Structures are given as structure tokens and as C-alpha cells.
Amino acid sequence: MKIIILDGYTVNPGDLSWDWLGEYGEYKVYDRTPTEEILSRCEGADIVITNKTPLGRDILKKLPDVKFIDLLSTGYNITDIFYARERGIPVSNVPAYSTKAVAQLTFAFILQFSSRVAEHSASTKNGDWQRCEHFCYMVAPLSELAGKTIGIVGFGSIGKEVAKIAEAFSMKVLVNTNHPGENTENLKFCDLETLLENSDFVTLHCPLTEKTTGMANKEFFSKMKRTAYFINTSRGATVDEDALKSALESGEIAGAGLDVLLTEPPIDDKITSLENTFVTPHIAWAAKETRQRLMEVTKENIRAFVNGKPINVVN
């Protein structure tokens, strides 16, 4: 059996191992694969493993030997799952492996906006504290999270984890989801407009669908408080970046914390250069513990396929 990994670097930059694949046959790991080399690298492969390298219909039509596609991710929009199904090719993903890590980064942004660690650390490194006449000083306003309202758009495993952390900080939680549950003392389900109008932090945790593509648009930001912060650790395409840029530059919202952008890596600094914005390079999922978990589920996916009983199939 021939196994090809098209873009293994982000999952395993060298601190994990692919050697377990040798149990199933010959394998080749590419750190990354340019679009023009996808076809040649996959030719003759029985199993193709990919993270962000696209496997569209046009490519799959030219790969008659492929019998299984394994995704090093939860999202599966990178692969034409419908054509794969026509061909009888199961496509498996890795569900819910990064829940706690993504929720953690969401709150890293929230804590930055409330405690202003970056600004105060930069100030002290600049010598400002040594020159200060008082025992302490502030270069930016600080605020407590207790009593603040967080609005969570999407309430899957990550949204639920974010709500749990928010409640531990004594925050009020508003949730907008297609499948609302029962309200509790600190958690209320509501429509999107109510959430936007009443939240101090708005955070997206929804999948990328036709409905959610570009959902954070001009109208969306216009309904938020001017003192509110926007956070996106879901998918870059859920945001209209021109509308976000305008809202940030005009002061329509106070700031943004983004781990995902429409184009990755970004082709310009339209968003990354804004002073009231913190941008990380799609790392919410990338803690070593999280990547180890992803690798373990990938092992299970491959083993299950070889045994004739594929698991985590998305098509």
C-alpha cells in the first residue's frame, strides 16, 4: 500500500513521528505541496493524507488508485467529499481534537483586551516603570471580566467550552445557535441581533457554511457596542474583512482578536497592521498536546480503514 502525506509540517514540525505509517506500507511525507505538484505526488497512492492541500474533483478524477482520504483537520471543505462519495472513497476527519486549545486562545484574546498584558509589558521593557514617580501606572484602561457579557455565535463543542470558561470568570453568556437549549441563570439563548447589541465580547465558533460565509459584515458590526471586541477563531471566510477593517478604523467596535483570515498567509497587511487588532497565525489548534491528539485519531482512522471499517467518515 502506498501512502502520501501532502502537508505534514504544521501537524508535525519535527516533534512527533510518522513512523507508525510503516506498518501499513510505503509512505512519503511532504512538508508542503504546491498546487502544481499535487497530482504528480499523489499518483499511484492508495491513501492520501492532507491538511490544507486541496483535493478537488479535477485532481481526484486523475487519481484512479486512491481508496481513502484522511484529513488532518476537523473541517473538510478542502476536499470534494461529494465526488469522493461517488467514487466510493471514504473521507475521514479528526473531530473535536482541538476544543480546549481553541477555547484557550479565545480567552487569551479576551484577557489581553481586559488586562492589557502586551502594552504594559512593552512599557516596562521600555523603562517607563523605572522612570515612574509612583509604585504603579497604567498605559491602557483595565477591566474585570466578572459581570461582562460574552456573545458566542455557534454552540458546538468549542462554543460550549468557551461558555464554561466564561462562567468560571463570572461572566454572563449569550448564545446564538441553530439548536438552542434551555436558558440558565447565567446562560441565555437568543437571536443574533440581541447577542450583538448586548455583548462586550463577540466570539465566532460556527462552521463555514453558505449561511455563515461573510456573516460578520457591515450590518453585523454596526449592531455591536462601540466598546465591544470581536474574536474569530473559527474560519476566516466567516468575516467580511473590508467591513471589519472599517469598523475597527472608525471606532465602531473597540478591537479584534483573530486567529484566522480570509487568505492564509495574508497577502497584505490590511488587517494585521491595525493597532487595535491582535492577529495570530492560525495557531489555536497547534499546541503539542493537541497535535498529539490529532495524530492518535489519525492512527485510528488509518487502522479502521485498513480493517475495512472506516470511522469519522464525513461523506
Subject >> Spatially proximal lysines relative to Lys172 (Cα-Cα < 29 Å; intrachain offsets below 8 disregarded) >> reply: Lys100, Lys148, Lys160, Lys164, Lys188, Lys211, Lys218, Lys223, Lys225, Lys245
**OP:** Run through every distinct alpha carbon pair of the range 180-262 and return the Kirkwood hydrodynamic radius in angstroms, one decimal place.
**Re:** 13.1 Å
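What's the FRET efficiency of Thr280 with Asp242 using the Cβ-Cβ distance as r and R₀ = 25 Å, to the nearest 0.05? Numbers along the way, then the final one.
Values: r = 21 Å, r/R0 = 0.84.
That gives a FRET efficiency of 0.75.
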**OP:** Specify the inter-centroid distance of the range 176-194 and the range 241-315, based on alpha-carbon positions, in whole Å.
**Re:** 25 Å
Original post:
With charges set only on the Cβ (+1 for Lys and Arg, -1 for Asp and Glu), what does the dipole of the range 262-315 come to about its Cα centre, in debye to the nearest 20?
Top reply: 480 debye
**OP:** Provide Cys190, Cys42 ordered by accessible surface of protein heavy atoms (probe 1.4 Å), highest first.
**Re:** Cys190, Cys42
**OP:** Would you compute, for the Cα atoms of the range 1-51, the largest minus smallest coordinate along each principal axis and list the three values in descending order, in whole Å?
**Re:** 28, 24, 12
**OP:** Taking the Cα atoms of the chain, report the difference between the largest and smallest coordinate on each principal axis, in whole Å and largest first.
**Re:** 69, 48, 34
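How large is the dipole of the chain about the Cα centre if only Lys and Arg carry +1 and Asp and Glu carry -1, each at its Cβ, rounded to the nearest 20 debye? Walk me through the numbers before you get to the answer.
On the way: 34 positive and 42 negative charges, 114 e Å.
Computed about the Cα centre, the dipole is about 540 debye.
If the viscosity is 0.890 mPa s and the temperature 25 °C, what Stokes-Einstein diffusion coefficient in µm²/s follows for the range 138-187 when Rh is the Kirkwood radius over Cα pairs? Can you show the working numbers first?
Numbers: Rh = 11.7 Å.
Roughly 210 µm²/s, to the nearest whole number.
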**OP:** With N denoting the number of residues in the range 18-162, provide Rg(C-alpha) divided by 2.2 N^0.38 Å, to two decimal places.
**Re:** 1.64
**OP:** Using only the alpha-carbon atoms of the range 84-211, report the extent along each of the three principal axes, biggest first, to the nearest angstrom.
**Re:** 71, 37, 24
Original post:
Using DSSP loop states and a limit of at most 14 other Cβ atoms within 10 Å to flag GluC sites (Glu not before Pro), what is the longest stretch of the chain containing no flagged site?
Top reply: 44-132
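The values are calculated or read from the model by the stated rules, or taken from the named source; none is laboratory data. On a predicted model such as this, the values are computed, not experimentally measured, just so you know. When we count neighbours, we look across all protein chains shown, and the Cβ atoms used for this are built from the backbone with ideal geometry, even at glycine. Remember, those area values only see protein heavy atoms, side chains included, never the ligands or the DNA or RNA. Shrake-Rupley method; radii C 1.70, N 1.55, O 1.52, S 1.80 Å.
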